[in-house]
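Step one of this worksheet: look at the structure below.
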Amino acid sequence: MSYFVIIRGPLGCGKSTIAESLAKILDAEYVSIDKVLKENGLDKVSPDAECIPAANFIRANELVLPTIKKHLQHGKNVIFDACFYHKEPIDHLIQNLPYDHYVFTLKAPVEVCIERDRKRGKTHGEDAARAVHSLVSRFDYGTIIDVTKPLDNVVQEILSYLPKT
């Protein structure tokens with residue numbers, strides 16, 4: 001039986017690196033909701049809002065759901081990654097995908113996220129890292145994972161919660 005995994009956390013915590021690594025190890029489909037948002041112009045924040053609205057994340061979910069359902073129906077696992085700083089888009093995926101699921105919230109101090117962001121090719125900047133860290137930290141969902149340790153250790157820890165193939 002296939003399943004899906006949701007990896008959520010602040011900017012710069014290693015979400016994409018971890019999700020891509022999991023997808024490779026599990027031969028799973030990888031979906032970056034942040035990329036879907038950007039590619040479809042859903043990543044815009046209006047001047048009177050503090051962040052991308054939950055409705056935009058849900059719209060991004062709806063764009064990928066038909067393909068994801070096919071992958072899951074054919075026995076392929078799926079790894080989602082995004083900041084997911086609203087609960088509604090997580091609940092939306094869970095309600096629309098009748099498969100086993102695992103949600104992981106990645107945690108790191110804001111300073112760690114800022115430093116990791118600085119080290120990557122396309123940085124988002126300290127202000128963005130602080131803002132997203134604050135938004136994501138408003139709630140926990142699923143299993144909490146400390147990502148201050150080496151990312152390989154984090155991947156192994158997450159794998160320990162998933163079904164053995």
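The values are calculated or read from the model by the stated rules, or taken from the named source; none is laboratory data. In this text the structure is predicted, and so the values were computed from the model without any measurement. Heads up, the Cβs are rebuilt from the backbone with ideal geometry, glycines too, and the neighbour counts pull from every protein chain shown.
Things worth noting here:
- Members of the range 62-91 found to be over 29 Å from Thr148 (Cα atoms) and out of contact with any strand residue (DSSP E or B) (no Cβ under 7 Å at 6 or more places or on another chain), listed by number: Glu62, Leu63, Leu65, Pro66, Thr67, Lys69, Lys70, Gln73, His74, Gly75
- In the range 131-142, the residues that are of a type in the set (Asp, Glu) form Cβ pairs under 9 Å with partners that are surrounded by 14 or more Cβ atoms within 10 Å (Cβ to Cβ) and not in a loop (DSSP other than H, G, I, E, B), at six or more places apart or across chains, as follows: Asp140/Thr105; Asp140/Lys107.
Each row is one residue, and each column tells you yes or no for (1) polar (S, T, N, Q); (2) touching a His at 6+ places or on another chain (Cβ under 9 Å); (3) surrounded by 16 or more Cβ atoms within 10 Å (Cβ to Cβ).
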site	(1), (2), (3)
Gly12	no, yes, yes
Ile18	no, no, yes
Asn61	yes, yes, yes
Val64	no, no, yes
Thr67	yes, no, no
Ala82	no, no, yes
Ile90	no, no, yes
Ala108	no, yes, yes
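- Qualifying residue in the range 39-48 (condition: within 22 Å of Thr105 (Cα to Cα) and at pLDDT below 95): yes
- Filter pass, Val155 being in a helix (DSSP H, G or I), under 12 Å from Gly14 (Cα atoms) and hydrophobic (A, V, I, L, M, F, W, C): yes
- Residue in the range 139-160 that is modelled with pLDDT of 95 or more, of a type in the set (Gly, Ala, Ser) and surrounded by 14 or more Cβ atoms within 10 Å (Cβ to Cβ) present: yes
- Hey, Ile7 surrounded by 17 or more Cβ atoms within 10 Å (Cβ to Cβ) and either in contact (Cβ under 8 Å) with a residue 40 or more places away in the chain or of a type outside the set (Gly, Ala, Ser) (or both) or not: yes
- Breaking point among (1) under 23 Å from Ala23 (Cβ atoms); (2) at pLDDT below 95, for Ala128: (1)
- Residue selected from the range 3-16 under the condition outside any loop (DSSP other than H, G, I, E, B) and farther than 24 Å from Gly75 by Cβ, by the criterion nearest to the chain's Cα centre (by Cα): Arg8
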